[in-house]
Amino acid sequence: MVGCRAMPPRLPLDPVSRPTIVERAKRHGLVPVETYDASIRTALRYATPDNVFKKVLYPAGFPALAADRTAKKLAAANRFLKPHGLRLLVLDAYRPPAVQWQIYKMFRDDKYVADPRKKWSKHCYGRAVDVALTDLSGRLLEMPGTFDDFSKKAAAAYAGTDPAVRRRLTRLQQAMTAAGFSIYDDEWWHFNDLSDPAALAGRPVFGWQIGLGTPPAIYQIIE
Ligand SMILES: [Zn+2]
C-alpha cells in the first residue's frame, strides 16, 4: 500500500570517506560521474547551502555518482561539447532516497520533485543528472535560468532574453540527447537516462547500501 510505505531516515551528515563510498557504490552499479572523462567537473549543490533550500543535505566527501552506463553517456556528451569550448559541470547526480524524501517534504510540488510515496526520482537510481556548462577554464556560464529556480525560467524550452545564452542551452541539449539522455521539459538542467527501463522499475539504491548510515528495521527485513 503506497500510503504505508516506510521512508528512509534522514541521511547522517558526518563527513564520509570518498574511497569507501565509491567502493561500496560500485557493488550497486554506481560509479563517479567523471570515471570515463576526468575533465567533467562536479559541484554538488546539496553538499553546500548554495541551493534553493539553503540546506546542506549531503555529507562532506560525498562523490557525484551515476549508473555506469549513465556515466559513459556523460563522457560522450562532454566530448561533444569540447570542440565548442564547453564543458559539463554536474550539479547533482545519484541522490540517496533519504534526501529525496527530505526534499519532497520541504517542497511538495510533483512537477519539480518526484513524490517518493508514488515513485522514486531517477536520481535515486543514478540515472538522472543535473548539469550546467562551464567554459574550458571552468568558468560557470549563464543559462536562460538558474539551477533550481522553479519558475517559468526552469522550462527546457524557455527562450530567455539573450539569444546567445539560449543557443548555449540548445547546445547542451544537443550534446545530452546525442549521448542518449532525455530532456526533462520542466527543468533545463535535468536529464534522464531512460535506456534501462528494467532498472528503473526496481528498487533505488539506498544510502546505507553504499555506506551512508544504517537501514531502519523495516528495510533490514527486506534487505
Ligand atoms: Zn534533477
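The values are calculated or read from the model by the stated rules, or taken from the named source; none is laboratory data. All figures in this text were calculated on a predicted structure; none of them were measured in a lab. With ideal geometry, Cβ positions are generated from the backbone for all residues, glycine too; neighbour counts draw on all protein chains shown.
When each of Ala164, Ala132, Ala201 is tested for being within 20 Å of Lys82 (Cα to Cα), within 19 Å of the chain's Cα centre (by Cα) and either surrounded by fewer than 19 Cβ atoms within 10 Å (Cβ to Cβ) or within 16 Å of the ligand (Cβ to nearest atom) (or both), the lone residue that passes is Ala132.
Restricting attention to segment 195-214, the residues that are assigned to a loop (DSSP other than H, G, I, E, B), over 18 Å from Lys118 (Cα atoms) and either at pLDDT 95 or above or charged (D, E, K, R) (or both) total 2. Within the set Lys54, Lys73, the sole residue that is over 19 Å from Gly126 (Cα atoms) and of a type in the set (Lys, Arg) turns out to be Lys54.
When Arg24 is tested against (1) of a type in the set (Lys, Arg); (2) surrounded by fewer than 20 Cβ atoms within 10 Å (Cβ to Cβ); (3) over 14 Å from Gln209 (Cα atoms), exactly one condition is not met: (3). Of all the numbered requirements in (1) at pLDDT below 95; (2) out of contact with any Cys (no Cβ under 9 Å at 6 or more places or on another chain); (3) crowded, with 16+ Cβ neighbours inside 10 Å; (4) of a type in the set (A, V, I, L, M), Ala93 misses one, and that requirement is (1). For Ala157, the criteria (1) touching a helix residue (DSSP H, G or I) at 6+ places or on another chain (Cβ under 9 Å); (2) aliphatic (A, V, I, L, M); (3) surrounded by fewer than 15 Cβ atoms within 10 Å (Cβ to Cβ) hold in every case but one, which is (1).
Given the criteria modelled with pLDDT of 95 or more, away from the ligand (no atom under 15 Å from the Cβ) and either crowded, with 22+ Cβ neighbours inside 10 Å or over 20 Å from Arg45 (Cβ atoms) (or both), does Ala75 qualify? Answer is yes for this residue. In segment 139-146 there is no residue matching the filter, namely being assigned to a loop (DSSP other than H, G, I, E, B), under 25 Å from Gly180 (Cβ atoms) and within 12 Å of the ligand (Cβ to nearest atom). Exactly one of (1) within 16 Å of the ligand (Cβ to nearest atom); (2) over 13 Å from the mean Cα position of the chain (by Cα); (3) closer than 28 Å to Thr170 by Cβ is unmet by Ala43. Its number? With (1) within 16 Å of the ligand (Cβ to nearest atom); (2) over 13 Å from the mean Cα position of the chain (by Cα); (3) closer than 28 Å to Thr170 by Cβ applied to Ala43, the lone miss is (2).
Within segment 100-128, take every residue that is surrounded by 23 or more Cβ atoms within 10 Å (Cβ to Cβ) and away from the ligand (no atom under 11 Å from the Cβ) and give me the one that is nearest to the chain's Cα centre (by Cα). Checked segment 100-128; the qualifying residue nearest to the chain's Cα centre (by Cα) is Gly126. For segment 178-197, the count of residues that are more than 16 Å from the ligand (Cβ to nearest atom), closer than 19 Å to Leu65 by Cα, surrounded by fewer than 20 Cβ atoms within 10 Å (Cβ to Cβ) and polar (S, T, N, Q) is at least one. Every condition in (1) without any contact (Cβ under 8 Å) to a residue 40 or more places away in the chain; (2) surrounded by fewer than 17 Cβ atoms within 10 Å (Cβ to Cβ) holds for His84 except the one numbered (1).
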